[in-house]
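The values are calculated or read from the model by the stated rules, or taken from the named source; none is laboratory data. These numbers come from a predicted model, not from an experiment. Glycine also receives a Cβ, built like all others from the backbone with ideal geometry; neighbour counts cover every protein chain displayed. Quick note on the areas: whole protein, heavy atoms, side chains included, nothing else; ligands and nucleic acids left out. Shrake-Rupley method; radii C 1.70, N 1.55, O 1.52, S 1.80 Å.
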Amino acid sequence: MGNCFSDDAAARSAVGATVFSQNNTSNVAVDCFLLSRGYRGLYSQIEISFSASNLRDRDVCSKSDPMLVVYAKRRDGSLEELDRTEVVQNSLNPKWIHKLNINYQFEVVQTLVFFVYDVDTQYHSLGVKMLKLDEQKYLGEATCVLSEIVTQSDRSLTLNLVYREESTSSTHPHHCGKLTVHAEECFSSKTTTEMILRCSNLGHKDLFSRIDPFLVISKTVESKSSIPVCKTEVIKNDLNPTWKPVFLNMQQAGSKDSPLIIECFNFNSNGRHELIGKVQKSLVELEKLFLSGEGDNLFSLPAAGHDYHNKVLKSQLFVDKFTESVQQTFLDYLAGGYEMNFMVAVDFTASNGNPRLPDSLHFIDPSGRPNSYQQAIIEVGEVLQFYDSDKRFPAWGFGARPIDGPVSHCFNLNGSSHYCEVEGTQGILMAYTSALHNVSLAGPTLFGPVINNAALIASQSLANGGRKYFVLLIITDGVVTDLQETKDALVKASDLPLSILIVGVGGADFKEMEVLDADKGGRLESATGRVASRDIVQFVPFRDVQGGEISVVQALLAEVPHQFLTHVRSRDVQPNSRSS
């Protein structure tokens, strides 16, 4: 992923290095604010090349003249054409020169569909974009998810081409050949600028109000509008803040000469953040500020209806550090053999309501429409499944009384007393449905036992030299009652290869969950005073998908690559080496 975040291992992390960062409504307030301005999280630009072998020969006097057409498959099943290669003449084993550039996003299932056509000789004088595909000879098609390509050790995936009319037939299809897809991360996604930014003499129109400042860095686009690409953490009540380092890659900045807009906002939990002032500087100009040690004055925009010039403020922006380097990226670690392992824990407390009644959060709709628990499992599982080779996922329940047993705050969802893993996302859903018939809902809501169980698995993997990073999804309908035990478990787990996503379902007031958030509540401390080494928790109330290609639950996942990188860098783990 592109490395644009504030790295703070011991204290509060960024208000969100990506979409919907850490654990509470205050983060949602910041992230919704940025989303409304076009922010879409971090990404890496991928260059994809194509080759094929043993294609069908549909020409009489010569070999086929193949062209590849690439589509993106949307959530509704529709196809959007992305690009076309050139036509390779007289070849059944083409290696196309034209490459596809695409933005890779960890939190999105990016399904690609490939169609191969034999272009008739009479159309060779036309540009490929002018060709009507229904006039060309169809040779076959294939599909895959972008995640399947980038998780290969050599980032190459070979697919069987199938013939559309025969792909669903019981008879043996004609031999259609193979398509090999190879991905390379663009160098601009790795070339990274690290900056420490500081402001002085921040002012406020209300002298009696506190200032909780944070920065948003945006790049300008052709339409002259700006799109946020980076943001810092919120610093509480500080007129002279120094933020944690931010990392901005060339892919995000555009170039060193491209203008960047740096805005300083006063944080407001209702999402209406007040603009204190702004500057416009390129990376070249920011480097000059660093070398000179001087600051640059912020300015404020004129009020609506006034035509006077921007007002220069006393507040200044300083660059205390400016370095450039080539960073190992999330994709480098995937290619080096790292995997993501999905875990899930489901709340079976009585406050969910009787599962047999339609008003219960656990009600299984006969129509097949998933309830909130099922939806959250599907949305996270369908992303993470591509990053785990064996697709065996630990799954637990908590807050229920198994048949003829006491209340359990961490029981295996599959009903086994010996093992907790199930096969794939579908296995989790089946175990969840089965558990609803085999346990009695009880309480209270305790997170500590499931977090400790997940931490034990992560700890054992780390001790054995495993190259796995674990993501625990906790789905709950209420506020945690073992707050201190949960804090203790989270602080202990912060040293492990583990991230925790907490999704709140139902209409409960989840405001008390803010205490788990490193942004809102400051450093997370255990009962003994130990401070969490990094932020590993995110919380969001469940919302249904509201159009678009990504849900709020999946948006939580956008922060996972940053948390992963924070972990491996803190241990100085390289992509091609095992941790000690």
Past 22 Å, Cα to Cα, is the threshold; run 95/391; 391/487; 236/492; 244/281 against it and keep the listed order. 95/391; 391/487; 236/492
Cα centre as origin, Lys/Arg/Asp/Glu Cβ charges: the range 191-326 dipole, Debye: 240 debye
Under a plain spin-label model, where a point goes 7 Å from the Cα along Cα-to-Cβ, how far apart in nm are residue 239 and residue 137? 7.9 nm
Put a dot 7 Å past each Cα toward the Cβ at residue 392 and residue 438; how far apart are the dots in nm? 1.8 nm
Accessible surface of the range 388-488 [probe 1.4 Å, protein heavy atoms]: carbon and sulfur percent: 53 percent
Sparse-neighbourhood loop hits (GluC sites (Glu not before Pro), the range 281-387; DSSP loop; Cβ within 10 Å at most 12 others) -> 294
To the nearest Å², the heavy-atom accessible area per residue of the range 191-326 with 1.4 Å probe amounts to 50 Å²
Using the Karplus curve 6.51 cos²θ - 1.76 cosθ + 1.60 with θ = phi - 60°, what ³J(HN,Hα) values do you get for each residue of the range 380-393, in whole Hz, with x for Gly and Pro? 7, x, 5, 7, 6, 4, 7, 9, 10, 5, 8, 6, 9, 10
Would you mind checking which residues have amide H under 5 Å from residue 58's amide H? H placed 1.01 Å from N; only 5 or more apart, or other chain. 64
Working out 0.36 nm times the residue gap between residue 90 and residue 479, then minus their Cα-Cα distance, what length gain in nm do you get to one decimal? 133.4 nm
Under a point-charge model restricted to the Cβ atoms of Lys and Arg (+1) and Asp and Glu (-1), what is the dipole moment magnitude of the range 330-570 relative to its Cα centre, in debye to the nearest 20? 360 debye
Could you tell me the distance between the Cα centroids of the range 337-365 and the range 63-92, to the nearest Å? 41 Å
Express the carbon and sulfur contribution to the solvent-accessible surface of the range 72-187 as a percent, rounded to the nearest whole number, probe 1.4 angstrom. 49 percent
Provide the gained length on full extension for the span residue 154 to residue 430, in nm with one decimal, where the gain is 0.36 nm per separating residue minus the Cα-Cα distance. 95.9 nm
Taking R0 as 35 Å, what's the FRET efficiency between residue 82 and residue 311 from their Cβ-Cβ distance, rounded to 0.05? 0.15
Calculated from backbone phi, Karplus (6.51, -1.76, 1.60) coupling profile of the range 273-288 in Hz, x at Gly/Pro: 6, 8, 6, 7, x, 8, 9, 10, 9, 8, 4, 4, 6, 5, 5, 5
Lys and Arg at +1, Asp and Glu at -1: add these up for the other residues within a Cβ distance under 12 Å of residue 159 and post the number. -1
From the Cα centre of the range 123-151 to that of the range 230-296, the distance in Å is 43 Å
Distant-in-sequence amide H partners of residue 249 (H built 1.01 Å from N, under 5 Å): 3, 193
Dipole in debye (nearest 20) - the range 44-186, about Cα centre, beta carbon charges: Lys, Arg +1; Asp, Glu -1: 120 debye
Go through the range 348-425 and name the chymotrypsin sites (Phe, Trp or Tyr not before Pro) that are in a DSSP coil and have 14 or fewer other Cβ atoms within 10 Å of their Cβ. 419
Which of rounded, prolate, oblate describes the range 44-186, given a ≥ b ≥ c as roots of the alpha-carbon gyration tensor eigenvalues and a/c under 1.5 marking rounded, otherwise prolate only if a/b is larger than b/c? prolate
Picking from 506, 334, 428, whose Cα lies most toward the positive end of the charge dipole for the range 330-570 (charges on Cβ: Lys, Arg +1; Asp, Glu -1)? 334
Placing +1 on each Lys and Arg Cβ and -1 on each Asp and Glu Cβ in the range 330-570, then taking the dipole about the Cα centre, the residue among 470, 558, 481 whose Cα reaches farthest towards the positive end is 470
What residues qualify as long-range amide H neighbours of residue 120, i.e. H under 5 Å apart, gap of 5 or more or another chain, H built at 1.01 Å from N? 137
